[in-house]
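Here's the structure, in structure tokens; my notes come after.
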Amino acid sequence: MKLVYLDNNATTPLHPEVLEEMLPFFKEDFGNPSSLHQFGRKIRVKVDEAREKVAKMIGADPLEIVFTGGGSESDNFAIKGVASANKDKGRHIITSEIEHHAVLNTCKYLEKNGYQVTYIPVDEYGVVNPEDVAGAISEDTILITIHHSNNEIGTIQPIKEIAKIAQERGIIFHTDAVQSLGKVPLNVEDIGVNLLSISAHKLNGPKGVGACYIRKGTKRLHPLINGGNQEMKRRAGTENVAGIIGFSKACELASTFMEEERGRLISLRDKLQNALTEKISHVKLNGHPTKRLPTTLNMSFEYVEGETLMINLDLEGIAVSTGSACSSGSLEPSHVLVAMGIPHEIVHGSLRFSLGRENTEEDIDRILEVLPPVVEKVRAMSPLWED
Ligand SMILES: Cc1ncc(COP(=O)(O)O)c(C=O)c1O
């Protein structure tokens, strides 16, 4: 049975060229980039080159890139770093109700430690209204953190408008762009952002490495990890050299193929969406119909449990998810879909299909062959289903 992987928003397979690029750093190129001898100097040059490539990918200066241990660390660093450095200035933070838990739980942690957080609601498509953000600003606001795109539904936020509001009021603006990198154009100058989080494993790079972009002049930010002078004293610890090299190669590859891939993935995604809507009754798209990541399709199937569908698909070798990877396995309904005002029973029938570089038309055809009879079988067992 050919396995079909449609959970690329959870993580992506490592690109073979990325692995190739990383291998020497597990073998002969083992030096510590902080060492002054030739073993170290050679690696320092490589890490600096990698920094240039990652910076180029988002239109930043290499000195504005701090490598981290992934998206969650970048989010924690940006949010806690600003909160800690600005606590005498103010203690109010604005975010949205549908952020990733890396942002939401960091905000909740700060709430327990003397900060106030406003969670901006979203509309039925999962879009934050910039006017709501403007309306929530107070004298005490030190940070606005709104994600670039959502991992569960793929909705892309009006990030430039929100950044402009923050800029006009002199408030630091952070965006979690973990799901957007390599999928849609991302340029820090164009957005007008102070801080931005990215992660390598969402674009066919290695796990456990990411970066935080810090705009030049954003001084008010405390480090999350104290220690040595690495990463311009912003993030201590010997660098994950192989990971950083892999991350930079993944960026290079993604920027080369992004335009071509974008068109291809949108057509696969839309084929899946249209055919599922045609073949199965009582289905609904969750997320914005157009302002959406090319990779993401989230649909609700009424009168069935998403978990039951997922398990049935898994038995057929098809991997999808029911919401974010972090919350699957729990019976908590997705906070994203709930915030969009979707009734609980429909939230529970949701599935996320997330596409990536490896997916083909054949994969889509395979789901279209398997899913409709599975839905029919499961519905036939439901006491609520009468058709
Ligand atoms: C929007 C978003 N932010 C943050 C993260 C966390 O990134 P990482 O897995 O690199 O810690 C994820 C991962 O799913 C994500 O989708």
Q.
Tell me the angle of helix 38-57 to the major Cα principal axis of the chain, expressed in degrees between 0 and 90 and rounded to the nearest ten.
A. 50
(Q) On a straight-distance basis, which lysines could pair with K291 in a cross-link, Cα separation under 18 angstrom, same-chain partners fewer than 8 positions away excluded? (A) K160, K183, K271
Q. For the cross-link pairs K53/K202; K53/K249; K2/K202; K80/K202; K279/K377, which exceed 19 Å when the distance is taken from alpha carbon to alpha carbon?
A. K2/K202; K80/K202
Q. Can you give the net charge of the other residues whose Cβ lies under 15 Å from the Cβ of I142, counting K and R as +1 and D and E as -1?
A. +3
(Q) Residues of the stretch 351-367 with the amide nitrogen closer than 20 Å to a label point 7 Å from the Cα of E260, along Cα-to-Cβ, please. (A) 355-363
**Q.** Rg to Rh quotient for the stretch 16-253, alpha carbon positions, Kirkwood Rh
**A.** 0.98
Q) When you take every Cα atom in the stretch 243-387, what is the radius of gyration, and what is Dmax, the widest Cα pair distance, in Å? A) 16.3, 56
Q: Would you mind putting 34-43, 181-190 in packing order, based on average other-beta-carbon counts within 10 Å, highest first?
A: 181-190, 34-43
Q) So between K279 and E358, what do we pick up on full extension, going 0.36 nm a residue minus the alpha carbon distance? A) 25.9 nm
Q: Using Cα centres only, tell me the gap between the stretch 299-317 and the stretch 1-54 in whole Å.
A: 36
Q: Rounded to the nearest 500, what is the 222 nm mean residue ellipticity of the chain from helices alone, with -39500 (n - 2.57) per DSSP H run of 4+ residues and division by all residues?
A: -12500 deg cm²/dmol
Q.
Need one number: nm distance between label points at E376 and Q116, each 7 Å from Cα along Cα→Cβ, rounded to one decimal.
A. 5.7
Q | Interchain or long-range residues, amide H under 5 Å from S350's placed H | A | F301, G306
Q. Using alpha carbons only, how many degrees (0 to 90, rounded to 10) separate the axis of helix 159-168 from the longest principal axis of the chain?
A. 40
Q: Give, in nm to one decimal, the length gained when the segment between S34 and D190 is fully stretched (0.36 nm per residue of separation minus the Cα-Cα distance).
A: 52.8 nm
Q) Contour minus end-to-end for L384 and N226, with contour as 0.36 nm per residue of separation and end-to-end as the Cα-Cα distance? A) 51.2 nm
Q | Normalised contact order of the chain, rounded percent, pairs of Cα under 8 Å and 6 or more residues apart | A | 23
Q: Compute the acute angle (0 to 90°) between the alpha-carbon long axis of helix 361-380 and the principal axis of greatest extent of the alpha-carbon atoms of the chain; round to the nearest 10°.
A: 50
Q: Sort Y213, Y5, Y125 so that the residue with the fewest other Cβ atoms within 10 Å of its own Cβ comes first and the one with the most comes last.
A: Y125, Y5, Y213
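Coordinate-derived values only; no laboratory data. As the structure is a prediction and not an experimental result, all values here were calculated from the model. Using ideal geometry, Cβ is built from the backbone for each residue, glycine included, and neighbour counts are taken over all protein chains shown.
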